[in-house]
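S.K.: Right, I'll just put the structure down here and ask away after.
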């Protein structure tokens, strides 16, 4: 995973709450391999006027071209565990999502893909969504080490889980981190087989 | 070493599975069961790129459910992408020596229905699956949660997962539920009160006399919908109902080992003085048959009420969100819920497709005719066989509904079963998000009996009026 320290780019203001993963990428687009790219399907039905709704058409406005940051309202990424929702955001070019709260699974998926789920107070999100510099398409700065967002003259602090912050700053790979614990895992497994003999499936022989 | 002091059920399972110390930001947990469906191809591609192997294939189980068609499975016209995904699961499980309940298997079904049936879900286990409704297995006192593809790859490669310990929430439902009130109504009532993000960052333990009185099927429905309230997972302490349900199932402990396991499982309760970060109490008598009217599971109301009026809502953001939901759903403020006409019905999904659910729907449909089309997809091949032995299939078909095979079906618009744009579906599923059942679809979620009542009247209806005892 590529380390994330800071970024400077336009930020897209998405004034929606409860943006669920079915909106982030509708299920019908999830049958393709990742190599084909998912960015074109991001918020597809809210960008393309599905059912007459274009509330996410802001993503395609020229002033936000090249945006690597998305600002949204509460409960962003709620719903299903589909990591394709994060693939769609990442393939579109986003590396940071700013919102007051995130779906738990979505936030975890974001970090695994090098995206920063930056949690800010509701009132700060409202200020960012109305920030003149941000709305003009001027770059905002996301500083992960300092945990601040700078938009024009505005400075907003954000929260992120301490473990996730370390992973993102260092670009750590989960599987490599875990392999370094192989001795502890083996010791745990040996003990667990004795303490919970019933936990293994009783009948798992090939048919 | 287990920490001193009183512990919740959540703490007890966590402590039993923690490999790394308690002082770290995240804990490395051992995973007892890893469940895979066709969407796991991303994860298998990730481990292939690393030239990694599956660490514990004997603790890993594959099942085809999300993309599988519920009808014409052998058709040469089957979407080649869907056919390809099913084949990929076959290939990946075969290559890594993983047992799969594939399309031709008599045990195939929706993962959260078929896996418990086989006795693979047990109290005290940590279980994961690349599906948010993995919380269903919490009904057995398992610590079960959904994960994304990268975490699926991690579990495949290591049989462990890094997790931050969630906060603990207890939801007590006390007293008796009224006639026709189900676990689905408990879930929708709860979500309407706490909001779609009300349990964010929490693991939920459901407790209280109304929860104890639920069957295992009802408990699975309730735990299934924990995610709709924002919870990481939901679980219920195991009891005699749990043990009786599990005994004799194919993969459960057998004989003396089962008796020994039950002794261990009896300790899987929260200590009486254990502290929760948040407690919520609901009286069972307050809960009525409930339906959703909008585009989030929190948009739910008892069937006797009316659609909200955004002009009467003081909070501007909330009023705007209600306005947007009503516009998408094609509803007028203040109209009675029972005036909402529907175009079709769906009975199925990991939330409500078990035998008890089908019986409840059939009880309403028996001797009546649906006036809208509908599809019934039993939760597993086993449920389908049992329903057919009981004659439920004949009741559904006589009512005019189609009786199909098992899969995620119309819950999620990815397998061919969809609701057309602008059409309104009364559904036993778990999410009424915009377009969830197909682009432009409008979903109202409710219990199986409520869906059956809507089918025979053509509009949202209080099923209590259609119960056999109501006509006496």
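S.K.: Calculate the all-directions average of the projected area of segment B:1-148's alpha-carbon convex hull, and give it in nm².
M.R.: The directionally averaged projection comes out at 10.3 nm².
S.K.: Per 0.36 nm of contour for each residue apart, how much would the distance between residue B:48 and residue B:164 grow if the chain were fully extended, relative to their Cα-Cα spacing? Intermediate values should be presented prior to the final figure.
M.R.: Values: separation 116, 0.36 × 116 = 41.76 nm, distance 2.73 nm.
Difference between extended and current length: 39.0 nm.
S.K.: GNM on chain A, C-alpha springs below 10 Å: top fluctuator among A:47, A:73, A:189?
M.R.: Ranking A:47, A:73, A:189 by mean-square fluctuation puts A:189 first.
S.K.: Just report the Cα centroid separation between segment B:51-74 and segment A:83-110, whole Å.
M.R.: Here the two parts' Cα centres lie 26 Å apart.
S.K.: Shifting gears a bit: Can you compute the modelled spin-label distance between residue B:277 and residue B:315, with each label point 7 Å from Cα toward Cβ, in nm?
M.R.: Inter-label distance under the simple model: 2.0 nm.
S.K.: Hey, what does the equivalent ellipsoid look like for chain B, semi-axes from the Cα gyration tensor as sqrt of 5 times each eigenvalue, largest first, whole Å?
M.R.: 33, 27, 22
S.K.: So, R0 is 30 Å and r is the distance between the beta-carbons of residue A:157 and residue A:132; what FRET efficiency does that work out to, to 0.05?
M.R.: Rounded to the nearest 0.05, the efficiency is 0.90.
S.K.: Could you give me the percent of Cα pairs per 5 Å distance bin for chain A, shortest bin first, beginning at zero and ending with the bin that holds the maximum distance?
M.R.: 1, 7, 14, 17, 17, 14, 9, 7, 5, 4, 3, 2, 0, 0
S.K.: Further question: What order do you get for A:89, B:214 when you list them from fewest to most C-beta neighbours inside 10 Å? Show your work: numbers first, answer last.
M.R.: Values: A:89 26, B:214 21.
Result, fewest neighbours first: B:214, A:89.
S.K.: Take every DSSP beta bridge whose two residues both sit in chain B, then give the antiparallel share in percent to the nearest 5.
M.R.: 20 percent
S.K.: Which value in deg cm²/dmol, rounded to the nearest 500, describes the helix-derived mean residue ellipticity at 222 nm for chain B, given -39,500 (n - 2.57) per DSSP H run of n ≥ 4 and division by the residue count?
M.R.: Taking each H run of at least 4 residues, the total per residue is -9000 deg cm²/dmol.
S.K.: While we're looking at this one, here's another question. Fewest Cβ neighbours within 10 Å first, please rank A:132, B:26 accordingly.
M.R.: Taking fewest neighbouring Cβ atoms as first place, the list is A:132, B:26.
S.K.: Could you give me D for segment B:296-471, from Stokes-Einstein at 37 °C and 0.692 mPa s, where the hydrodynamic radius is the Kirkwood radius over C-alpha pairs? Units µm² s⁻¹, please.
M.R.: Details: Rh = 16.4 Å.
The calculation lands on 200 µm²/s.
S.K.: Still on this structure: What is the extension gain from residue B:386 to residue B:77, computed as 0.36 nm multiplied by their sequence separation minus the C-alpha to C-alpha distance, in nm to one decimal?
M.R.: Length gained between residue B:386 and residue B:77: 108.3 nm.
S.K.: Continuing with this model, one more query. Which residues does a label at residue A:8 reach in segment A:123-147, if reach means a backbone N under 19 Å from a point 7 Å past the Cα toward the Cβ?
M.R.: Output list for this probe position: A:132-147.
S.K.: Let me ask another. Distance from the Cα centre of segment B:179-219 to that of segment A:113-162, in angstrom?
M.R.: 36 Å
S.K.: When chain A is treated as a GNM, springs tying every alpha-carbon pair under 10 Å, which of A:67, A:180, A:107 comes out with the largest mean-square fluctuation?
M.R.: Looking only at A:67, A:180, A:107, the biggest GNM fluctuation is shown by A:180.
S.K.: I would also like to ask the following. Against the globular-protein guess of 2.2 N^0.38 Å, express the Cα radius of gyration of the protein assembly as shown as a ratio, rounded to two decimals.
M.R.: The protein assembly as shown yields a ratio of 0.91.
S.K.: Using 1/(1 + (r/R0)^6) with R0 = 51 angstrom and r between the beta carbons of residue A:15 and residue A:181, what's the FRET efficiency to the nearest 0.05?
M.R.: Computed FRET efficiency for residue A:15 and residue A:181 comes out at 0.75.
S.K.: Sticking with this structure for a sec: Before rounding to the nearest 500, sum -39500 (n - 2.57) across all DSSP H runs of length at least 4 in chain A and divide by the residue total; then give [θ] at 222 nm in deg cm²/dmol. Write out the running numbers ahead of the final one.
M.R.: Details: 9 runs with 67 residues, N = 207.
Counting only the DSSP helices, I get -8500 deg cm²/dmol.
S.K.: Rounded to two decimals, what is the ratio between the C-alpha radius of gyration of segment B:398-467 and 2.2 N^0.38 Å?
M.R.: That ratio works out to 1.11.
S.K.: Assuming a viscosity of 0.692 mPa s and a temperature of 37 °C, what translational diffusion coefficient in µm² per second does Stokes-Einstein assign to segment B:9-279, Rh being the Kirkwood radius over Cα pairs?
M.R.: This corresponds to a translational diffusion coefficient of 170 µm²/s.
Only the coordinates and a few stated rules stand behind these numbers; no lab work does. These figures come from a predicted structure and were not determined experimentally. With ideal geometry, Cβ positions are generated from the backbone for all residues, glycine too; neighbour counts draw on all protein chains shown.
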